[in-house]
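Working notes for the structure below.
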Amino acid sequence: MLPQWRFEALGATWQIDSHLAPDAAARDRLLGVAKRFDQTYSRFRSDSLVSELARTGGPLRFPADLPRMLDLYDLLVDVTNGAVNPLLGHSLNALGYDAEYSLRRQGPDRPAPPWSSLIRDGTVVRVRAPIPALTGAGGHSTADSHDEFPILDIGALGKGALVDHLMTTAIDLGLDPWCVDGSGDLVVRGPDPVRVALEHPADPSQAIGIVELENEAIAASGISRRQWGAGLHHVLDARTGMPTTDIVATWAIAPQAMLADALSTALFFVHPEALAERCDAQFVRITSAGRIQYSPDLRGDIFR
Amino acid sequence: MPASEPHPARTHLTRAGLAVVVVGLVFGVNHLQRPGEPLSFATPPPPQEPVNDAYAAYRAQHNIAPAEEGAHYEAYVDGTYTATGPYVVAGVSNEIEVTVTIENNVVTHLEVVEATDHATSRSYQVRFAAAIESEVVGRSVNELDVHRVAGASVTSKGFRRAMDAIREHSRTEDAAPVEV
């Protein structure tokens, strides 16, 4: 059997499959990539760069991978009419998806500030003037309110970006990797197609179909397994700050994991055909009515 | 995949089909609505090949033949029509309001407004409005020849721990329900 190596990152279990087993130095370098990513972008860590941005408003210099992610967010914000917007950190916190994982509603729904509040110059980022904090009845500030900076949350594509980083690093290390799997979001490489089951959103022991990947990535997104109250989950419409209701699970297949990850989130808000016009990707999604939609050219088998 | 221009004949075909179906909905809504009886679109059609024609499922259920190319529909007067369709699902009354604009026997604008907060009914309406390809069918992952599984079931440890804490908390006396 080919070497498999598992490790923890971003609070989940990851696995790298390669033709050569990573030695200690290679493992250290791969773990370093994951650790730096977490230290930079985790809004759950008070010592992360995005937490500092939320406290100070910047300007702060980010690693070289940020511009590509923000460019992709430009596309996401545009194609979803603002439903996807990475400045929704406060919206998530309001629903209890916060650093403490309180999972208790902390206040009313909060729309995200406009995407244009984030100002970029290469890798240097700052956020425009503080946004008003929670207000009381009639729109007046409550006594204990204070202005806050928007919180950048790259959750819609961050995991996919790290999948791509680790694949690139493993190739650099000469491991000849064929799969990097970040707990469900994965990229495959090599001459042989890789068969991937699409997990049933209501029952992880079941699959609703199989797709074949060849030098491409798939990302899954779902709301059914990460709910902390009726209708409370982590896929929010940034325009309202409220969780979505019409779609329960999505998959996107694209050349890179970051793009697949981003599209799997966008699929909660726009019809697959609208996305297909903008990028080279394939889609599967399940509605709250238990119906399944998928790309006509999907390489695989949706069970029926 | 690259966007492609719809074939003119196909567009014509689709529009003609749309006209038949939607006008059928508008003018046929009264005889469809028998008090206490759910509309038949609550029952999904048998699975079929993926279709782009959003009304194929509706046509299939109501035995409406797809329009043939070149067919003429001279009975329709240009204008904007609105009809409300009350129906009952699981003992709960619901309404959809359909507004259609017809020009030269072609539907040029269609709007369906849902007027229900009932979750189950809403599901049926979403199902109807989207006319999706098929029902979800699950098969045991263990019986499949696959290398990997892609899904959202693997949640982070922090999340699982917090959920455990909430379950524990919810059993105590000071349990505070999560408001929605």
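A short reminder: the numbers here are calculations on the coordinates, not readings from a lab. This structure is a prediction, so every number in the text was calculated from the model and none was measured. Please note: Cβ atoms are built from the backbone with ideal geometry, for glycine as well, and neighbour counts cover all protein chains shown.
Tally up the residues in the range A:26-50 that are closer than 15 Å to A:L118 by Cβ and part of a helix (DSSP H, G or I), please.
Result for the range A:26-50: 3.
What's the number of the condition A:R195 fails, among (1) within 14 Å of chain B (Cβ to nearest Cβ); (2) within 28 Å of A:D47 (Cβ to Cβ); (3) surrounded by fewer than 24 Cβ atoms within 10 Å (Cβ to Cβ)?
It is condition (2) that A:R195 fails.
When the residues of the range A:167-192 are narrowed to those that are among the hydrophobic types (A, V, I, L, M, F, W, C) and outside any strand (DSSP E or B), which ends up surrounded by the fewest Cβ atoms within 10 Å (Cβ to Cβ)?
Among those residues, the one meeting the criterion is A:I171.
Restricting to the range A:75-91, and then to whatever is in a helix (DSSP H, G or I) and in contact (Cβ under 8 Å) with a residue 12 or more places away in the chain, can you tell me which residue is surrounded by the most Cβ atoms within 10 Å (Cβ to Cβ)?
Within the range A:75-91, the match that is surrounded by the most Cβ atoms within 10 Å (Cβ to Cβ) is A:G89.
Please work out which residue is surrounded by the fewest Cβ atoms within 10 Å (Cβ to Cβ), limiting yourself to the range A:2-25 and to residues that are in a strand (DSSP E or B) and small (G, A, S).
A:A12
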